[in-house]
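Okay, so here's the structure we're looking at.
The values are calculated or read from the model by the stated rules, or taken from the named source; none is laboratory data. Quick caveat: nothing in here was measured; it's all calculated off a predicted structure. Here Cβ is always computed from backbone atoms with ideal geometry, including for glycine, and neighbour counts include all displayed protein chains. Ligands, DNA and RNA are excluded from the accessible area calculation, which covers all protein heavy atoms including side chains. Shrake-Rupley method; radii C 1.70, N 1.55, O 1.52, S 1.80 Å.
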Amino acid sequence: MEPDKKRLIIIGIVAFIGVVLLVAAVMFGVTTFVTLITGVDGPPQMLVVEVVGEEGLQNASVIRLTDRDLQQHPVLATAIREAGSNPNVPASTPVPMTGAECLALTESFGVYTANAPILEYDGVYYATRVLIH
Amino acid sequence: MLAGALTLYAHESSGEQPMLYVMEQTTPGENVVVPLTEQDFEQHPALDAVIRGKERNPSAWEWGDRSQRVIGGTNVSYAESRALQDAYGPGRETWVYPHLEYEGAYYLVVTAWP
């Protein structure tokens, strides 16, 4: 009788641990899947940066970017690095960003506004576009 | 809870880091106003650095919604990002952000996970 009771307790503990691990694995999988598909805070958005010549400035507003600006906005830094890396390909490939990053870039540099300003960094001028999928 | 811890661990191991952004608002509107204290800054050094430290880098008011601007941003760990959202993020039921008040200015805390 005594060994049966012990066996039942052990089986119960193992079953409990199994259920906990199963639930954790399922939740982890679902969370990761949802995050991969939607991003943490909304549908995927992309930033595209394109080098423009001084003739393209016309009457546009120009914002001069500092190194600190690029440190604080890594998406913009990535796009600018890419657009400036090859003179034959003046536009960056679309760089994915979250809704929060898009909001921060819009409030800081007007990237997602009508008549978005031109950004200048290290003597090169850049136009920006936001793509929403 | 375990799933949350595992998710956090997986993100921390990815080598990337979330960004903390702090937005300043001209007025609090009808949102709940929470005064920031020295204890808040001690518990969240990243918030301290952005609002009154070396990561303060305010943008102009003239872009986007002109009633707000970005005060600055910095990298934080995933755990810190979650702690900031739990403390200063939108309410679970209302999804409305509280406004944080410090020296007469109103702030919102936003975090971006890569």
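If A:Ser92 meets every condition in (1) touching a helix residue (DSSP H, G or I) at 6+ places or on another chain (Cβ under 9 Å); (2) open to solvent by less than 30 Å² (accessible area, probe 1.4 Å); (3) within 14 Å of chain B (Cβ to nearest Cβ) apart from one, which number is that one? Going through the list (1) touching a helix residue (DSSP H, G or I) at 6+ places or on another chain (Cβ under 9 Å); (2) open to solvent by less than 30 Å² (accessible area, probe 1.4 Å); (3) within 14 Å of chain B (Cβ to nearest Cβ), A:Ser92 breaks only (3). Could you check, for segment A:31-50, whether at least one of its residues is at pLDDT 85 or above, facing chain B (nearest Cβ under 9 Å), open to solvent by 50 Å² or more (accessible area, probe 1.4 Å) and not in a strand (DSSP E or B)? No, segment A:31-50 contains no residue that is at pLDDT 85 or above, facing chain B (nearest Cβ under 9 Å), open to solvent by 50 Å² or more (accessible area, probe 1.4 Å) and not in a strand (DSSP E or B).
For segment A:64-81, the candidate set comprises residues that are facing chain B (nearest Cβ under 8 Å) and not in a loop (DSSP other than H, G, I, E, B); within that set, the residue that is surrounded by the most Cβ atoms within 10 Å (Cβ to Cβ) is A:Gln72. B:Glu42 meets the conditions (1) more than 21 Å from A:Leu70 (Cα to Cα); (2) surrounded by 14 or more Cβ atoms within 10 Å (Cβ to Cβ); (3) out of contact with any helix residue (DSSP H, G or I) (no Cβ under 6 Å at 6 or more places or on another chain) in every case but one. The failed one is (2). Looking at segment B:6-114, the helices (runs of 4 or more DSSP H) lying wholly inside it that each contain 2 or more residues that are touching a strand residue (DSSP E or B) at 6+ places or on another chain (Cβ under 7 Å) and of a type in the set (A, V, I, L, M, F, W, C) sit at B:45-52. Would you mind stating whether A:Ala127 is part of a helix (DSSP H, G or I) and either away from chain B (no Cβ under 11 Å) or modelled with pLDDT under 90 (or both)? Criteria not met by A:Ala127.
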